[in-house]
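Visitor: Here it is, the structure in full.
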Amino acid sequence: MLAHIRGKILENRQVYVVIENNGLGYKVWVNADLAAILTRGSEANLWLFHHIKEDGQSLYGFSSFEELNFFELLISVSGVGPKSALNILSAAKINDLKMAIAMGDHAPLVKVSGIGRKTAERLVIELREKVDCLPIATNDVNNSSAILEEIEALMALGYSANQAREALRQAKSGTSQERIREALRII
């Protein structure tokens, strides 16, 4: 199984890149954000998921090991294949996706091409417990738990997780109480 590749980008086709490594060109499927960064002639250093199925093999590339782990978690859910998982990773930042799943909010997932309401609900149900175990990459771990508490407080007041998250995103930094007050004004 291939797990990592470093090489020169020969071709960038928005959904996949061709990376030359030791004279061989590897076709690696990537999400839109990563494709935008990788330019022809530049050096790439990617973590790989080697997908083997009956009719072929595919490589999926990620800029970080955390992103690869989250991708593997997504495809562990029935009905979510590698391309759908890449679409999910393109739709939002990993921390936002983790937070939405942890809060039981499937709305951000429904917006993803190829993910219907039932699949989004299944993702939330199956991954809710697992996402809590994953490290959230923030500068301050206490900050991420404070954000979850702020979202829960707004949800207790009758707002959806999506409304709470959007209002808090617009709120200026400060104490949790100040951010909740400002989020209430925004909503």
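Visitor: Given a Förster distance of 35 angstrom, what is the FRET efficiency for A3 paired with R128, based on the Cβ-Cβ distance and rounded to 0.05?
Guide: 0.80
Visitor: OK, next. HN-Hα J couplings of the range 105-122 from phi, Karplus 6.51/-1.76/1.60, θ = phi - 60°, integer Hz, Gly and Pro as x?
Guide: For the range 105-122, the Karplus-derived couplings read 9, 9, 4, x, 6, 5, 6, 6, 4, x, 10, x, 4, 5, 5, 4, 5, 5 Hz, x marking Gly and Pro.
Visitor: Go through the range 54-65 residue by residue and turn each phi into a ³J(HN,Hα) via Karplus (6.51, -1.76, 1.60, θ = phi - 60°); whole Hz please, and just put x for glycine and proline.
Guide: 4, 9, x, 10, 9, 10, 10, x, 9, 7, 9, 5
Visitor: Could you derive backbone 3J(HN,Hα) for the range 172-180 from the dihedral phi with the Karplus parameters 6.51, -1.76 and 1.60 (θ = phi - 60°), listing whole Hz in sequence and x where the residue is Gly or Pro?
Guide: Taking θ as phi minus 60°, the curve returns 6, 5, x, 6, 4, 4, 5, 5, 5 Hz for the range 172-180.
Visitor: How high is the relative contact order of the chain, given as a whole-number percent (alpha carbon pairs under 8 Å, six or more residues apart)?
Guide: 13 percent
Visitor: Let me make sure I get this right: for the range 8-96, a, b and c are the square roots of the gyration tensor eigenvalues over alpha carbons, sorted descending. Under 1.5 in a/c it's rounded, otherwise prolate if a/b > b/c, else oblate. Which is it?
Guide: Oblate shape, in that a/c is at least 1.5 and b/c is the bigger or equal ratio.
Visitor: Once you order the gyration tensor axes a ≥ b ≥ c over the Cα atoms, which shape class does the range 65-137 get: rounded for a/c under 1.5, otherwise prolate or oblate by comparing a/b with b/c?
Guide: rounded
Visitor: Placing unit charges on C-beta atoms (Lys and Arg positive, Asp and Glu negative, everything else neutral), compute the dipole magnitude of the chain about its Cα centre in debye, rounded to 20.
Guide: With Lys and Arg at +1 and Asp and Glu at -1, about 460 debye.
Visitor: Picking from D105, D55, D96, which is most flexible by a Gaussian network model of the chain using Cα springs under 10 Å?
Guide: Result: D55 has the largest fluctuation of those listed.
Visitor: Can you tally the net charge around N87? Count Lys and Arg as +1, Asp and Glu as -1, for every other residue whose Cβ sits under 12 Å from the Cβ of N87.
Guide: +1
Visitor: Okay, next question. For the pairs K27/K53; K111/K172; K83/K118, note any where the Cα-Cα span goes beyond 19 Å.
Guide: Check vs 19 Å cut-off fails for K111/K172.
Visitor: Would you please name the GluC sites (Glu not before Pro) within the range 17-68 that are DSSP coil residues with at most 12 other C-beta atoms within 10 Å of their C-beta?
Guide: Those satisfying the criteria are E54.
Visitor: Are there trypsin sites (Lys or Arg not before Pro) in the range 1-77 that DSSP marks as loop and that have at most 13 other Cβ atoms within 10 Å, and which are they?
Guide: Those that pass, being in a loop and sparsely packed, are R13, R40.
Visitor: While we're on this one: To the nearest 0.05, how large is the calculated FRET efficiency for I186 and S76 if R₀ is 30 Å and r is the Cβ-Cβ distance?
Guide: 0.25
Visitor: Say R0 is 41 Å: what FRET efficiency, to the nearest 0.05, do R13 and E152 get from their beta-carbon distance?
Guide: After rounding to 0.05, the efficiency reads 0.45.
Visitor: Separate question: Enumerate the amide H contacts of E11 below 5 Å, restricted to partners 5 or more residues apart or on another chain; note that Pro and chain-start residues carry no placed amide H.
Guide: Residues meeting the amide H criterion: V18.
We did not get these values from a lab; they are worked out from the coordinates using the rules stated. Predicted model, so just to flag it, every value in this text is computed and none were measured. We place every Cβ from the backbone using ideal geometry, glycine too, and count neighbours over all the protein chains shown.
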